[in-house]
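Below is one structure, written out as structure tokens; the observations come after it.
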Amino acid sequence: MVKDQLAAVAEHAHQLAAIQSTIDLATGPSALRRERFDALAAELTGSLDPARQHMARVMTSFAPGLFAAGDDPDIPVDNLALERAFRLPKGHERRIHGHAHAGVRIVQRGATLLLVLDAHARHPAPFSPDDLAPWADVRTPPCLEHCLRRRRIMRRARSAKRRPLLLADLERRYREAVMAL
């Protein structure tokens, strides 16, 4: 009985190795790997083994993002690479502020902040004015402005003293918006 279970586990390990080879950048271009990945997912979907069917469901749920980067080696390939990319700025933030946690700043301003905090890795020399000139007139993305506006509102809502003023302000803004229609 144990021998049969070990044989099944060995087969599943072999199947996982085949799946891993489809997402490994060293095994070929992304278009070819995507074809192999889709064929393997279809094969596993048709299997009667519940473990293989589960593998197929997980594969199809991850498929949209796995090959989104194409063959660009600078874009993180999987969640582990993405976590490694995010770890550096968080460590930088912790060292700057002396806190164990980087806070919500990485989440709220991550899209623009990560590029700044990680700039030393891509540009080892000090920045000159000519290096920074192309970004002199760059505006904050609208999604970041909305995020920061929501954060200010939520911070006011957490304060017992400021909450009544916030509610009055929100009611006033709602009335003005309704009147404008």
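The values are calculated or read from the model by the stated rules, or taken from the named source; none is laboratory data. Since the model is a prediction, treat every value here as computed from it, not as a measurement. Backbone-built Cβ (ideal geometry, glycine too); neighbour counts: all protein chains shown.
Worth pointing out:
- Residue within segment 135-143 that is modelled with pLDDT of 85 or more and within 20 Å of the chain's Cα centre (by Cα) present: yes
- For segment 107-128, the count of residues that are at pLDDT 85 or above, assigned to a helix (DSSP H, G or I) and either surrounded by 12 or more Cβ atoms within 10 Å (Cβ to Cβ) or out of contact with any Phe, Trp or Tyr (no Cβ under 9 Å at 6 or more places or on another chain) (or both) is zero.
- Some residue of segment 53-71 being under 30 Å from ALA121 (Cα atoms) and either exposed (fewer than 10 other Cβ atoms within 10 Å of the Cβ) or basic (Lys, Arg) (or both): yes
- Checking each residue in segment 17-30 for being at pLDDT 85 or above, of a type in the set (A, V, I, L, M, F, W, C) and either in a loop (DSSP other than H, G, I, E, B) or surrounded by 11 or more Cβ atoms within 10 Å (Cβ to Cβ) (or both) picks out ALA18, ILE19.
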